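A short write-up of the structure that comes next.
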Amino acid sequence: MKNIELLAPAGDKESLIAAVQNGANAIYLGGTLFNARAFAKNFDSEELKWAVEYAHLRDVKIYVTVNTLYKDNEMDDLIEYIDYLYDIQIDALIIQDIGLFHIVKTRYPDFETHMSTQSSIMNTQAVEYFSKMGANRIVLARENTIEEIKAICQSTQLEIEVFVHGALCICYSGQCLMSSFIGKRSGNRGECAQPCRLQYKLIKDGQLLEDKYPFLLSPKDLMTIHHIGELIDAGVTSFKVEGRMKKPEYVASVIKAYRKAIDNYLLHKNANLDEDIYDMKSMFNRDYTEGFLFHDNDIMSGDYSGNKGIVIGSVKYYSKDKKRVAIELSGSLSQNDSIVFESIDKGRPVNKIYLKDRLVANAQAHDIIEIEFDYPVYKGNVRKTVNSEIIYKLKKSFDKEYKKSDISMQFHGYIGKKAELSLVYKNHKVSCQSQSIIQEANQTSISQERIIGQLSKLGQSQFVSHDINVSIDENITIPIKDINEMRRECIEMLNNQIKNSKIHNSYKNDITLEKKIMASDYSYDILVNNLEQLEVAIQYPTRYIYYPFQEDALSAFELCQKHKKEFALFLPRIVKDQDIHDIINSQIYKIVNRVVVNDFGFYNLCQDKEIILGTGLNIYNSYSCQYFKENKILSLEMSSKQIKNLECDFQSIILQIYGKTENMISDYCPISQYYFGSQKKNCQLCKKSSYSLCDRKNENFDLVMDEQCRMHLLNCRSLYIPNYKDIKIGGYFIHFTNEAKSDVEFVLEDIFNNTHQLKSSHIKTTIGYFKE
């Protein structure tokens with residue numbers, strides 16, 4: 001049978017127990033610091049130690065998330081924390097920050113490392129890079145398709161982990177700055193405020209369109225339970241369930257369902273999953289999609305971003321006198337359930353149910369019942385968002401020890417000697433002796449069957465034994481209490497041996513930073529996005545002109561050559577294998593010798609060219625700066641204080657001083673969603689008009705679609721750092737996206753000729769994190 005891992009989330013101890021008892025092979029969780037779910041309950045140091053012991057006793061692994069970006073002043077505490085995780089025998093770390101990855105591989109060579117989905121790994125070249133660097137597992141982007149996943153699995157010996165169920169991010173993970181730049185809560189720092197779940201309106205050519213889909217950025221929840229076999233056959237190692245912020249009953253329902261689906265596929269059995277899916281939906285759902293993974297074009301909720309529960313009826317009327325709403329039920333309803341009225345998006349727990357003016361505890365389909373409710377509601381569906389019966393059922397699935405591990409037992413009993421009991425579990429073996437010496441029986445002797453019966457009474461332990469071998473003399477007697485005590489002592493010894501077993505070798509290598517090297521001079525780099533912008537930019541003194549890989553890139557290269565300007569091909573932040581194939585086989589790629597790379601795949605592939613590292617690589621601290629020797633553009637989430645305190649070669653540092661931040665990059669298109677109700681690739685609507693999204697504060701976020709039909713959602717304000725020369729570094733970066741030619745001229749005049757007009761101009765600006 002294939003070794004397939006079902007990987008469960010745990011935000012607290014009860015969720016961990018629910019996951020283990022329902023069949024998880026591994027748990028991922030976070031400590032109270034340094035993880036990507038800062039607002040989950042999480043685990044303190046003692047709870048982490050408990051989690052490892054509890055899980056390892058049940059043959060379950062524990063992975064700890066340290067998958068955010070870290071500041072220099074956090075590193076000492078972070079290393080001390082990871083020392084602790086190493087010592088308590090955590091099985092693996094989940095990592096985003098390339099600086100932290102370098103620390104872990106240097107300081108703890110035998111610590112298993114999993115590269116988080118936050119690392120934006122989505123192609124075979126990036127997987128190959130981390131394979132060479134010593135990673136053990138890759139968590140692929142949620143946007144990878146089943147065909148891409150299969151190709152990646154076939155290209156590597158690394159373990160491949162894929163999200164199979166739960167909430168989806170609409171933006172590529174690790175590349176989202178939306179929460180960061182509008183609310184100073186960084187997704188890359190584990191503090192995402194989920195602005196994608198808020199309402200937005202679509203604007204076309206400056207005109208607000210009808211509000212057809214108020215939640216234009218809020219996707220449905222992923223569910224792939226019907227495709228388990230395809231994922232296994234593709235070569236996926238680990239099936240990951242999202243949900244560290246969810247309740248234990250939610251975790252129980254999902255893990256139970258996917259355990260059943262995986263096991264039945266591996267055993268070539270057909271499984272009816274209808275009840276399991278109903279239980280999952282009852283716990284939480286935003287409707288379900290099979291995601292980009294299985295080419296589902298209907299991925300957006302659109303009408304509501306919260307828990308949709310299950311429709312159990314419709315409103316018949318509202319009585320203002322009684323303050324009751326009448327509901328015609330299509331499903332059951334009980335006291336202690338909770339409901340929501342779809343038309344007004346309000347709800348309540350169900351305390352009283354009136355059926356024909358009599359209080360009842362339960363009501364069934366086709367009943368017309370009344371519920372007390374203060375808000376008038378006259379129409380629409382009624383959804384049950386809390387199902388007390390299913391919650392009770394799911395609680396029972398982890399209220400005691402259900403996960404049993406098989407052990408073998410060997411009992412020896414010979415006259416004149418103490419009895420001996422040995423237990424074997426995998427590579428663990430323990431033995432103990434009886435308190436008393438075995439005597440010849442005067443009257444009734446003890447039988448093998450009686451001894452086996454006593455030894456098999458393992459009760460609420462996590463062990464069960466179907467292999468008990470008893471070797472005894474005839475006609476012996478031994479007190480039953482001795483047998484029971486031996487069983488208890490051996491189980492305790494076995495537990496202690498498993499809990500104290502070492503998976504790490506307990507050695508740590510020191511890692512030191514190189515000394516700071518100050519910059520001796522500086523230069524300017526400019527990224528433009530069309531030939532019209534380029535015609536302006538080439539008039540200014542620059543080191544390099546960056547131009548994106550797109551249809552007119554060769555014309556841009558030729559124009560730069562004509563004006564004796566150094567050219568760099570700006571490669572996208574999002575690159576699948578097909579994108580890589582198209583780029584490396586293009587004429588422009590073959591003739592350029594300088595590239596700006598924004599992902600680890602092209603970093604691996606472009607070692608024969610001069611490389612500049614873009615913001616897609618999230619370079620955020622001294623360790624990540626020193627990891628890369630090339631010139632590098634720093635993360636846009638760094639403050640001036642952070643940058644000044646870096647320990648690195650400042651000549652290689654580049655700071656973005658102007659540009660509309662790309663808050664999101666997505667394979668999803670809200671324009672297509674609005675007009676067609678689903679995703680329709682290459683509809684060309686974006687070529688005919690300009691579009692933007694308007695939020696609840698009437699801020700506009702421009703939408704730019706690239707040649708791969710990917711959405712780039714630009715920030716409502718342009719990043720502008722007027723006092724950038726306070727930081728003496730090697731390069732300053734100016735990033736143009738959809739600005740008009742006149743605005744490009746205006747910005748460059750301000751920067752190069754110190755006109756100081758930009759901050760008070762028609763261009764809305766923000767200083768971002770710079771002075772934080």
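The values are calculated or read from the model by the stated rules, or taken from the named source; none is laboratory data. Quick caveat: nothing in here was measured; it's all calculated off a predicted structure. Heads up, the Cβs are rebuilt from the backbone with ideal geometry, glycines too, and the neighbour counts pull from every protein chain shown. All accessible areas refer to the heavy atoms of the entire protein, side chains included, with ligands and DNA or RNA removed. Shrake-Rupley method; radii C 1.70, N 1.55, O 1.52, S 1.80 Å.
Summary of computed values
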{"item": "Aspartates and glutamates with Cα under 20 Å of K212, excluding same-chain neighbours fewer than 8 positions away", "result": "D287, D298, D303, E342, D345, D695, E699, D702"}
{"item": "J(HN,Hα) series, the range 574-585, from Karplus relation 6.51 cos²θ - 1.76 cosθ + 1.60, nearest Hz, glycine and proline x", "result": "10, 9, 8, 4, 5, 4, 4, 4, 5, 6, 6, 9"}
{"item": "Three-way shape call for the chain based on the alpha-carbon gyration tensor, with the a/c threshold at 1.5", "result": "oblate"}
{"item": "Helix-derived mean residue ellipticity, 222 nm - over the chain, DSSP H n ≥ 4, -39500 (n - 2.57), to 500", "result": "-8000 deg cm²/dmol"}
{"item": "Cα-projected label distance for K609 with F676, points at 7 Å along beta-carbon direction, nm", "result": "3.2 nm"}
{"item": "Cα-based helix-to-principal-axis angle, 248-266 vs the chain, degrees rounded to 10", "result": "80 degrees"}
{"item": "Per residue solvent-accessible surface (Å²) - the range 386-472, probe of 1.4 Å", "result": "57 Å²"}
{"item": "Cα centroid separation, the range 677-697 to the range 428-452 (Å)", "result": "79 Å"}
{"item": "Bins of 10 Å, starting at 0 and running to the largest distance - Cα pair percent for the range 584-674", "result": "14, 40, 30, 14, 3"}
{"item": "The range 626-750 - accessible surface per residue (Å², probe 1.4 Å)", "result": "35 Å²"}
{"item": "Rounded FRET efficiency, nearest 0.05, which uses the C-beta distance separating T512 from K396 and R0 of 60 Å", "result": "0.65"}
{"item": "Estimated translational D of the range 226-290 in µm²/s (Stokes, Kirkwood radius over Cα pairs; 25 °C; 0.890 mPa s)", "result": "193 µm²/s"}
{"item": "Accessible-area composition of the chain, carbon plus sulfur, in percent [1.4 Å probe]", "result": "46 percent"}
{"item": "Centroid-to-centroid separation of the range 504-523 and the range 80-116 [C-alpha atoms, Å]", "result": "17 Å"}
{"item": "Degrees between helix 480-499 axis and first principal axis of the chain (Cα, 0 to 90, nearest 10)", "result": "10 degrees"}
{"item": "Spatially close lysines, pair count over the range 703-772: Cα under 23 Å, gap of eight or more or interchain", "result": "8"}
{"item": "Semi-axis lengths (Å, descending) of the ellipsoid that matches the C-alpha gyration tensor of the range 297-450", "result": "64, 21, 11"}
{"item": "√(5λ) per eigenvalue of the Cα gyration tensor, the range 650-747, largest first, Å", "result": "31, 14, 13"}
{"item": "Per residue value of the accessible surface for the range 279-334 (all protein chains in place, 1.4 Å probe), Å²", "result": "38 Å²"}
{"item": "Helix 124-133 vs. the chain, principal-axis angle (Cα, 0 to 90°, nearest 10)", "result": "70 degrees"}
{"item": "The range 68-118: relative contact order as a whole-number percent, Cα under 8 Å and 6+ apart", "result": "41 percent"}
{"item": "Length released on extending from S388 to Q364, taking residue separation times 0.36 nm less the Cα-Cα span", "result": "7.2 nm"}
{"item": "Calculated P(r) tail over 20 Å for the range 470-611, as whole % of Cα pairs", "result": "67 percent"}
{"item": "Contact order normalised by residue count of the range 300-457, Cα under 8 Å, 6+ apart, percent", "result": "20 percent"}
{"item": "Computed E for N307/D110 - FRET, C-beta separation, R0 30 angstrom, nearest 0.05", "result": "0.10"}
